[in-house]
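Working notes for the structure below.
The values are calculated or read from the model by the stated rules, or taken from the named source; none is laboratory data. Not measured: the values here are computed from a predicted model. When we count neighbours, we look across all protein chains shown, and the Cβ atoms used for this are built from the backbone with ideal geometry, even at glycine. The accessibility values were calculated without ligands, DNA or RNA, using every heavy atom of the protein model including side chains. Shrake-Rupley method; radii C 1.70, N 1.55, O 1.52, S 1.80 Å.
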Amino acid sequence: LAKSLAGMPGVSLVDSDAGIAMLRCLGITANDLAMGLEREGVIVAPVPGSGVAASQYVRLTYGRPDELTWLARAIALVCARHRQW
């Protein structure tokens, strides 16, 4: 997933080896990012707490490698839509 998102402007991913990541799209609140991704069929969770990470990042879990292309496309779509607003 990190490789797929590396070239996307404004996208930040804090990845782990466990298939869990925190995702941020610059200029989009965590709530708006979550709603946009959920409209694309991606289920995300809030980052616990009330600090900066909780307001800017969403937490996602991903599984099989064949799902990563679909997930990266959904992330790109949501971030691009927001930049057009």
Is one or more of the residues making up segment 23-35 open to solvent by less than 60 Å² (accessible area, probe 1.4 Å) and either on the phi > 0 side of the Ramachandran plot or free of Cβ contacts under 8 Å to residues at least 12 places away in the same chain (or both)? no
Residue, farthest from Met22 (Cα to Cα), within segment 46-85, restricted to residues that are surrounded by 11 or more Cβ atoms within 10 Å (Cβ to Cβ) and of a type in the set (Phe, Trp, Tyr): Trp70
From (1) surrounded by 11 or more Cβ atoms within 10 Å (Cβ to Cβ); (2) charged (D, E, K, R); (3) modelled with pLDDT under 90; (4) out of contact with any Leu (no Cβ under 8 Å at 6 or more places or on another chain), pick out the condition that doesn't hold for Asp17. (1)
Considering every residue within segment 48-65, establish whether at least one is of a type outside the set (D, E, K, R), under 16 Å from Leu5 (Cβ atoms) and touching a Cys at 6+ places or on another chain (Cβ under 6 Å). no
So Pro48, is it under 21 Å from Arg83 (Cβ atoms) and in a loop (DSSP other than H, G, I, E, B): no
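Hey, could you check segment 36-45 for residues that are over 19 Å from Ala2 (Cα atoms) and of a type in the set (Gly, Ala, Ser) and say which is surrounded by the fewest Cβ atoms within 10 Å (Cβ to Cβ)?
Per the criteria, the residue is Gly41.
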Residues satisfying the stated conditions in segment 60-79, i.e. among the β-branched types (Val, Ile, Thr) and outside any strand (DSSP E or B): Thr69, Ile75, Val78
Leading residue by the ranking (modelled with the highest pLDDT) among those in segment 51-65 that are out of contact with any strand residue (DSSP E or B) (no Cβ under 8 Å at 6 or more places or on another chain) and within 16 Å of Arg24 (Cβ to Cβ): Ser55
